[in-house]
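This report refers to the structure that appears directly beneath it.
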Amino acid sequence: MTAPADRGAVASAPRTVVKVGSSSLTHRGKLQAGPLDALVDALAARRGAGQQVVLVSSGAIAAGIGPLGLKARPRDLATQQAAASVGQLLLAERYATSFGRHGLTVGQVLLTADDLHRRGSYRNAVRTLERLLALGVIPIVNENDTVATHEIRFGDNDRLAALVAHLVQADALVLLSDIDGLYTADPRKPGAVLISEVHDASDLAAVTVLGSGSAVGTGGMATKVDAALIATGAGIPVLLTDAPSIGNALAGVGGTFFAPAARKTASRLFWLRHATTPRGRLVLDAGAVRAVTVRRVSLLPAGITAVTGDFSAGDPVELADEAGRVLARGLVGFDSDDLPDLLGKSTPDLPQELRREAVHRDDLILL
């Protein structure tokens with residue numbers, strides 16, 4: 001089989017991020033050697049061909065279910081964290097052994113959403129991953145479930161994979177699911193049709209339902225489509241298929257191919273849109289809304305009518321109109337304690353040291 005020309009970008013990608021889910025690696029709370037080894041064999045072959053690979057792997061919580069004697073995936077956070085602390089060791093050990101068959105070394109990188117929300121931690125993650133790749137190591141990335149709370153979780157590793165793909169400036173992203181691609185409806189039902197390629201939002205119009213996650217995972221087809229759109233917005237082509245088809249996927253064959261956007265988002269604005277959590281909200285009057293959304297200029301304190309949240313200068317905040325609709329996200333120039341005293345005041349009326357933008361246009365992205 002030969003890949004269509006646009007899918008060739010996946011086959012020839014010098015650096016590829018591959019994401020695999022819990023249900024592809026575990027069964028009844030135990031890691032499955034066969035599927036894991038098959039995945040490793042395909043990635044090792046890719047590495048042997050001189051191409052770099054980053055693996056984003058779920059499975060820590062699921063792998064801890066059996067050893068802890070649990071009957072199902074725990075629902076409370078504390079038990080999830082306990083299961084992850086047991087399962088992550090088993091998962092890392094199994095990957096190290098399997099890749100070792102090919103003479104390859106792996107490195108574990110555990111992240112929380114908070115690590116990517118903070119620009120300094122974001123850059124540290126970049127340096128670590130780049131150094132591992134330069135040393136010939138295969139990074140294995142997972143969410144740090146042992147310490148992540150509900151407030152700082154990615155929610156699923158599909159989104160994490162898309163962010164990691166941007167983080168390492170990957171040339172392709174492969175998302176492995178239980179299903180061999182994106183269908184117009186539940187593929188178990190008659191009439192469902194595989195969508196071979198997605199080039200823009202109109203190609204998703206025929207999709208009537210996107211399923212939820214499995215019994216041991218948190219992702220579903222909806223999260224995979226969202227992740228694909230995040231990655232393609234950064235100019236990264238995506239292939240979505242099932243885990244047993246990893247060999248074909250790396251060749252750009254089968255599944256659903258998501259073409260990269262013609263115009264990719266600037267790196268800093270991509271981070272602001274997808275890798276930050278707002279620490280507060282600024283409410284804008286009608287004039288400020290027009291200035292930000294139409295004229296695309298900076299937001300001044302004079303156009304702000306209300307402030308909520310607890311934030312420091314440099315934190316991300318939402319910008320909303322007076323009806324509560326969130327219009328943009330930006331990095332605020334003032335602490336939340338200082339900003340209320342400045343609301344509605346024109347720049348000449350402010351002390352010299354406070355005559356600056358509340359949110360500079362270069363630190364602002366429309367949503």
Check your understanding: Given charges of +1 on the Cβ of Lys and Arg and -1 on the Cβ of Asp and Glu, with all other atoms neutral, how large is the dipole of the chain about its Cα centre, in debye to the nearest 20?
Key -> 720
Practice item. Loop only per DSSP, at most 11 neighbouring Cβ atoms within 10 Å: give me the trypsin sites (Lys or Arg not before Pro) in region 275-365, ordered by residue number. Key: 295, 296, 325
Review point. Counting other Cβ atoms within 10 Å, which trypsin sites (Lys or Arg not before Pro) in region 1-89 have at most 15 and lie in a DSSP loop?
Key: 28, 71, 75
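Which entries in the list 189/264; 189/224; 71/189; 19/264 go over 27 Å, if you measure between the two C-alpha atoms of each?
On the way: 189/264 36 Å; 189/224 20 Å; 71/189 29 Å; 19/264 22 Å.
From the list (189/264; 189/224; 71/189; 19/264), the Cα-Cα distance tops 27 Å for 189/264; 71/189.
Defining a contact as two alpha carbons under 8 Å apart and six or more residues distant in sequence, what relative contact order in percent does the chain show? The partial results should precede the final answer.
Numbers: 772 pairs, mean separation 57.0, N = 367.
Contact order relative to length: 16 percent.
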Check your understanding: Which three semi-axes in whole Å describe the equivalent ellipsoid of the chain, each the square root of 5 times a Cα gyration tensor eigenvalue, listed largest first?
Key -> 39, 23, 20
Practice item. Pull up the DSSP beta bridges for the chain and report the antiparallel fraction as a percent, rounded to 5. Key: 45
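Once you list every other residue whose beta carbon is under 12 Å from the beta carbon of residue 362, what net charge do they have if Lys and Arg are +1 and Asp and Glu are -1?
Working: positive: 268, 296, 361; negative: 357, 363.
Spelling it out: positives minus negatives among the neighbours equals +1.
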Check your understanding: Taking only the alpha carbons of region 278-366, what extent do you get along each of the three principal axes, in Å, biggest first?
Key -> 30, 25, 24
**Study point:** Environment charge of residue 34, counting only residues whose C-beta is closer than 14 Å and scoring Lys/Arg +1, Asp/Glu -1
**Key:** +1
**Study point:** Rounded Å value of the spacing that divides the Cα centres of region 175-191 and region 299-367
**Key:** 45
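Relative contact order of region 208-367: what whole-number percent is it, with Cα pairs under 8 angstrom and at least 6 residues apart? Intermediate values should be presented prior to the final figure.
Details: 286 pairs, mean separation 29.9, N = 160.
With pairs under 8 Å counted, the relative contact order is 19 percent.
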Revision key, fill the gap. Taking alpha-carbon centroids only, region 63-127 lies from region 12-43 a number of Å equal to 14
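Each value in this text was obtained by applying a stated rule to the coordinates, not by laboratory testing. What you see is a predicted model; the values in this text were computed from it and never measured. Methodologically, a virtual Cβ is constructed for each residue, glycine included, from the backbone with ideal geometry; neighbour enumeration extends over all protein chains shown.
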